[in-house]
1. When you go through A56, A52, A98 one by one, which is the residue that is of a type outside the set (K, R), touching a Phe, Trp or Tyr at 6+ places or on another chain (Cβ under 7 Å) and surrounded by 15 or more Cβ atoms within 10 Å (Cβ to Cβ)?
2. Name the residues in the stretch 1-27 that are buried (at least 20 other Cβ atoms within 10 Å of the Cβ), within 23 Å of L43 (Cα to Cα) and of a type outside the set (D, E), would you?
3. Condition first: open to solvent by less than 30 Å² (accessible area, probe 1.4 Å) and modelled with pLDDT of 90 or more. Can you find one or more residues in the stretch 70-82 that meet it?
Amino acid sequence: MAASSWLALVEVFWLPLRVGGVLVPVSVAAAVVGNLLLVGAALRLSGSKVVAVLPAASWLVVVVAAMVRRPEGDLLLVGGGATGIVNTAFLLLGVLAAAFGAGLALGAPPRPAPVAAPSGSGSGGAR
């Protein structure tokens, strides 16, 4: 969950990234790939469907918080011009990737319970 929150924060700050005056939508690709990979990794590492959904939820919380104007007047996600198009693509594709990853995790078959190792010497009581 911490990794997805950190990634969402970095993606939000990458949104206005320009190289040579050209807007580079690195955040859009990072949001899609990051949401899919982190949800899948959480499912594989924990085996819990609830834990697998947490990266998508924490990503969404950070991004929604970035859309709220601060008391000082700061706003991280703006909606005008080319930056607005990139921001909209970031929100739309990031949420779709998070929902798709969460859907895959929730629809995954449950992991089989580990088989207990037999106790004893394994000789069946024979000497």
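The values are calculated or read from the model by the stated rules, or taken from the named source; none is laboratory data. Values in this document were obtained by computation on a predicted structure and should not be read as measured data. Reconstructed Cβ throughout: ideal geometry from the backbone, glycine too, with neighbour counts over all protein chains shown. The protein model used for the area step is the full one, side chains on, heavy atoms only, and it has no ligands, DNA or RNA in it. Shrake-Rupley method; radii C 1.70, N 1.55, O 1.52, S 1.80 Å.
1. Sole residue among the options that is of a type outside the set (K, R), touching a Phe, Trp or Tyr at 6+ places or on another chain (Cβ under 7 Å) and surrounded by 15 or more Cβ atoms within 10 Å (Cβ to Cβ): A98.
2. Taking the stretch 1-27 as the starting set, the residues that turn out to be buried (at least 20 other Cβ atoms within 10 Å of the Cβ) are 4, 7-8, 11-12, 15, 27.
When the remaining residues are screened for being within 23 Å of L43 (Cα to Cα), the result is 4, 7-8, 11.
Result: S4, L7, A8.
3. no
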